[in-house]
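Quick one: the structure is below, and I'll ask about it shortly.
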Amino acid sequence: MYAQMVQSEATKDDPEKLAAFQARIDRDEKIEPKDWMPEGYRKTLIRQIGQHAHSEIVGQLPEGNWITRAPTLERKAILLAKVQDEAGHGLYLYCATETLGVSRDELTEMLLDGRMKYSSIFNYPTLNWADIGAVGWLVDGAAIINQVPLQRTSFGPYSRAMIRVCKEESFHARQGFDAIRKMAEGTPEQKKMAQNAVDRLWFPALMMFGPSDKDSTHSAQSMAWKIKMNTNDELRQKFVDQTVPQIEFLGLDLPDDGIKWNEERGHYDYSDPDWSEFFDVIKGNGPCNVDRLAARNKAWKDGAWVRDGLLAHARKKAAAKVAAE
Amino acid sequence: MNNEWPLWEIFIRGQHGLSHRHVGSLHAPDAEMAIKNARDVYTRRNEGVSIWAVEANNITASSPSDKGPLYEPSESKVYRHPTFFDIPDEVGAM
Ligand SMILES: [Fe+2]
Ligand SMILES: [Fe+2]
């Protein structure tokens, strides 16, 4: 999802302490930053929450791309507010990660030099305005399905960040649905654009939940620690079941011939995405990986003088205050 | 020298009459910027009427291992709760 394929760390701690820790988690107690925790729990969480934070930040790029070209002033104001929320989500999550003993700058540097990942979905381009609608509706829709259960995750700061994020997220999905609905109900050309956006973004959206359960290593430990609440396939199925009727409501064609209601399972059947494409995007070979990282690196470099200048000013003022006392 | 902006803990009063509550943290070069950033990060939807920003390294916290010695003494003092006392119904509201 926003954190995909997070490798969980093996833990070599004292078995007695580990058992007591697991008992706390099983009792649904929240783990707070100063509490004892296994090294593996700490490291896995840094990776997972950090990757989630990076996804929020990099996720601003494909949408920010359309702020200046939104079709009306109202749509522009809405998109601007949505993208600003994503910056906020990134900040809540960075703060949660920092409570685990890693600094903000370290996290940023690990994103910029490729040691840490962000969600594969943001390596796909937003080619036109219909894509912006589809991203809000499908990508944020998928994010909600992942984030709602994470509100109950065992790590206190992560859980609190997720609660805050979830409060803001339905605005994101609804504004996207509203934008694409306008196009689906518009001229034949607009409807065609809406269809094309759904066709292109459907499988990348399914990939957000990570590889199929049968190929998903590392899940068991994370689920025992309650830092992963559901399996990838459970969440993906939930997304498909929720979204298919919405596509039908819009009067658009389903983006996958394999989608069929399965009476016996009580779920929609659907086709798997092309997993080789997914692994290729994760490796850095998606359509926009290079652009996204270049944009983040440029922003970090271009902002250096502002960060340094404001800090120098603050230090000078603090020194003057001390001298005056 | 470490050039990372210091960490600030942010407390917000949600409505008139309520206490400030911890909402999260952020980085800012100084107190004034911490308040401005807190406005943008934590009150985009009218969540507050007042903001406190405290530099994180000025906060003293109790340690989790003190839990026993700090809080156990109050466990044995059940008489501090009104339900400890049996008041006959005839006495009326109290
Ligand atoms: Fe978000
Ligand atoms: Fe969102």
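Rg/Rh for chain B: what does it come to with C-alpha atoms and Rh from Kirkwood?
On the way: Rg = 21.1 Å, Rh = 17.1 Å.
Across chain B, the Cα-based Rg/Rh ratio is 1.23.
Related question: Under unit Cβ charges (Lys, Arg +1; Asp, Glu -1), what dipole magnitude, rounded to 20 debye, does the range A:224-318 have relative to its Cα centre? Intermediate values should be presented prior to the final figure.
On the way: 15 positive and 17 negative charges, 322 e Å.
Here the range A:224-318 has a charge dipole of around 1540 debye.
Projected onto the charge dipole of chain B (+1 at Lys/Arg Cβ, -1 at Asp/Glu Cβ, origin at the Cα centre), which of B:Pro88, B:Val54, B:Pro69 gives the Cα projection farthest towards the positive end?
B:Val54
Relative contact order for chain A: what is it in percent, counting Cα pairs under 8 Å that are at least 6 residues apart?
Numbers: 390 pairs, mean separation 65.7, N = 325.
20 percent.
Using a simple charge model, +1 on the beta-carbon of Lys and Arg, -1 on the beta-carbon of Asp and Glu, nothing else, what dipole does chain A show about its Cα centre, in debye to the nearest 20?
On the way: 43 positive and 48 negative charges, 288 e Å.
The calculated dipole for chain A is roughly 1380 debye.
Turning to a different aspect of this structure: Taking the radius of gyration and the Kirkwood hydrodynamic radius from Cα positions alone, what is the Rg/Rh ratio for the range A:43-199, to two decimal places? Each step should come with its number before you reach the end.
Working: Rg = 16.3 Å, Rh = 16.2 Å.
So for the range A:43-199, dividing Rg by the Kirkwood Rh gives 1.01.
Take every Cα-Cα pair in the range A:1-133 and report what % of them are more than 21 Å apart. Could you put the intermediate results ahead of the total?
Details: 4493 of 8778 pairs.
Cα-Cα pairs in the range A:1-133 separated by more than 21 Å: 51 percent.
If the cut-off is 18 Å between C-alpha atoms, which lysines fall inside it for A:Lys167, apart from same-chain ones fewer than 8 positions away?
A:Lys82
If each of B:Thr83 and B:Ala61 carries a label point 7 Å out from its Cα toward its Cβ, how far apart are those two points in nm?
Taking the two extended label points, one gets 3.1 nm.
Follow-up. Treating only the Cβ of Lys, Arg, Asp and Glu as charged (+1, +1, -1, -1), what charge dipole size does chain B show about its Cα centre? Round to the nearest 20 debye. Don't jump to the answer; show the numbers that get you there.
Numbers: 9 positive and 13 negative charges, 72 e Å.
Charge dipole of chain B: 340 debye, to the nearest 20.
Right, another one. Take chain A, connect every pair of alpha-carbon atoms lying under 10 Å apart with a spring to form a Gaussian network, then pick out the residue of A:Ala194, A:Ala161, A:Ala77 with the largest mean-square fluctuation.
Ranking A:Ala194, A:Ala161, A:Ala77 by mean-square fluctuation puts A:Ala77 first.
Further, regarding this structure: Report relative contact order for the range A:114-198 in percent, whole number only (criteria: Cα-Cα under 8 Å, sequence separation at least 6).
On the way: 74 pairs, mean separation 31.2, N = 85.
Value for the range A:114-198: 37 percent.
What is the pair-distance distribution P(r) of the range A:210-291, computed from all Cα-Cα distances in 5 Å bins starting at 0, with each bin given as a whole percent?
Values per bin, smallest distances first: 3, 12, 17, 18, 17, 18, 11, 3, 1, 0.
When the Cα centres of the range A:86-142 and the range A:153-175 are compared, how far apart do they sit, in Å?
14
To one decimal place, what orientation-averaged projected area in nm² is obtained for the convex hull of the Cα set of the range A:101-194? Present the calculation step by step, with values, prior to reporting the outcome.
On the way: hull surface 30.2 nm².
The number I arrive at for the range A:101-194 is 7.6 nm².
Please list A:Leu100, A:Leu61, A:Leu73, B:Leu70 in order of solvent-accessible area, largest first, computed with a 1.4 Å probe with all protein chains present.
Details: A:Leu100 5, A:Leu61 45, A:Leu73 140, B:Leu70 90 Å².
The ranking, largest first, comes out as A:Leu73, B:Leu70, A:Leu61, A:Leu100.
At a Cα cut-off below 24 Å, give the lysines reachable from A:Lys192, other chains included and same-chain residues fewer than 8 away excluded.
A:Lys76, A:Lys182, A:Lys260
Under a crude label model (7 Å from the Cα following the beta-carbon direction), how far is A:Arg315 from A:Gln246 in nanometres?
4.9
Can you give the log10 of the normalised intensity I(q)/I(0) at q = 0.13, 0.16 Å⁻¹, computed with Debye over equal Cα scatterers of chain A?
Here the Debye-derived log intensity ratios amount to -1.00, -1.40.
Another question, if that's okay. Mind grabbing the accessible area of A:Phe279 for me, 1.4 Å probe, Å², rounded to tens?
Looks like 80 Å² after rounding.
Let me ask something additional. What angle, in degrees between 0 and 90 and rounded to the nearest 10, separates the Cα long axis of helix B:31-42 from the longest principal axis of the Cα atoms of chain B?
70
Could you tell me what fraction of 2.2 N^0.38 Å the Cα radius of gyration of the range A:169-320 comes to, as a two-decimal ratio?
Values: Rg = 21.8 Å, N = 152, 2.2 N^0.38 = 14.8 Å.
In units of the 2.2 N^0.38 Å rule of thumb, it is 1.47.
Could you tell me the calculated FRET efficiency between B:Ser74 and B:His16, based on Cβ-Cβ distance and R0 = 30 angstrom, to the nearest 0.05? Don't skip to the end; give the middle numbers.
Numbers: r = 32 Å, r/R0 = 1.06.
It comes out at approximately 0.40.
Additional query: For the range B:70-85, in order, what is each residue's ³J(HN,Hα) by Karplus, 6.51 cos²θ - 1.76 cosθ + 1.60 with θ = phi - 60°, in whole Hz (x at glycine and Pro)?
After applying 6.51 cos²θ - 1.76 cosθ + 1.60, I find 6, 10, 4, x, 7, 5, 8, 10, 4, 5, 6, 9, x, 5, 5, 9 Hz.
Here's something else I'd like to know. Toward the positive end of the charge dipole of chain A, about the Cα centre and with charges on Cβ (Lys, Arg +1; Asp, Glu -1), which of A:Ile49, A:Ser103, A:Gly114 goes farthest?
Comparing the listed Cα positions along the dipole, A:Ser103 ranks first.
The values are calculated or read from the model by the stated rules, or taken from the named source; none is laboratory data. What you are looking at is a predicted structure, and each value in this text was computed from that prediction instead of being measured. FYI the Cβ positions are ideal-geometry reconstructions off the backbone, even for glycines, and counts take in every protein chain you see. When the accessible area is computed, the model is the full protein with side chains, heavy atoms only, and any ligands, DNA or RNA have been set aside. Shrake-Rupley method; radii C 1.70, N 1.55, O 1.52, S 1.80 Å.
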